[in-house]
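Taken together, the values in this text are just the output of simple stated rules run on the coordinates, not laboratory data. Being a predicted model, the structure only gives us computed values, none of them experimental. With ideal geometry, Cβ positions are generated from the backbone for all residues, glycine too; neighbour counts draw on all protein chains shown.
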Amino acid sequence: MSHPANTPVRTGQSKLMFTLFTVVAAATAALAAGSSLLLTLPVWAMFVGWVAFFSRGLTLRDGLVNFGCVLMGIAFGMGAAPSIGALAPSLGLFALPLVVFVVAMIVVSLRGLKVMNNIVAYFLGLIAYFASHLEPSLESFTELGAAGAIGSFAGWLSHAVQQHLPRRA
C-alpha cells in the first residue's frame, strides 16, 4: 500500500493499475476485518497492527519489528494502568501525568535501540491497550496481540501482493 500522495499522475501508474493496487489493499483489509470478527477479536485493534506494519519499512523483518514494538506498547500500557490506580490515592490527579511522563520517557528513550526503536508502534500499542478498557491480564494481552498480528500480517500480505503486480498495464 502506497502513501496517499501516490496518485496515478505522480506514480506513472495507469488508472487500471492504480485501481488494482487499491482493490488489493481494500480486499486484504476486508479479509482481515472478517477474520478478526470471526475470531471475536476487536476489528479496530486489528487496524492498529495494519497501521504499525506500514509505519516503518515494508519488509517482513520490519513488520515483525514493528509488531514487536506494538506488543511492548501494550505491555507498557498494562503496567501503567495499575500504576495510575495505585498512585491516585496519594497523588490524586497528578498520578496520571506522572505515569504518562515515566512511560513516555521509557518509550521515547527506546529510539536509541538498534532494532526495536519504532516509537510510533510503541505508542500504537499503548493506545490500543488504553482504548480497549480491558483489565491488565494475559487474556487482554493475547486478545489485543492477536488482533494486531492479524493486522500486521494483512498489511504485509497486501504489500507483498502489490509488489507482484505489473507496474504498467
Starting from the 7 Å offset along Cα-to-Cβ, what nm value, one decimal, do you get for the label separation of T59 and L87?
3.9 nm
Report the longest stretch of the chain that contains none of the trypsin sites (Lys or Arg not before Pro) sitting in a DSSP loop with at most 16 other Cβ atoms within 10 Å.
57-113
For a label point 7 angstrom out from the Cα of K114 toward its Cβ, which stretches of region 36-79 have the backbone nitrogen within less than 19 Å?
61-66, 68-69
Which helices of the chain meet both criteria: a Cα extent of 27 Å or more along the helical axis and a mean Kyte-Doolittle score no lower than 1.6, with helices taken as whole DSSP H segments?
15-38
Checking rank on 81-87, 29-35, with mean other Cβ inside 10 Å and highest first, the result is 29-35, 81-87
Helix-derived [θ] at 222 nm for the chain: sum -39500 (n - 2.57) over DSSP H runs of at least 4, divide by residue count, nearest 500?
-25500 deg cm²/dmol
Using Cα centres only, tell me the gap between region 20-53 and region 70-140 in whole Å.
25 Å
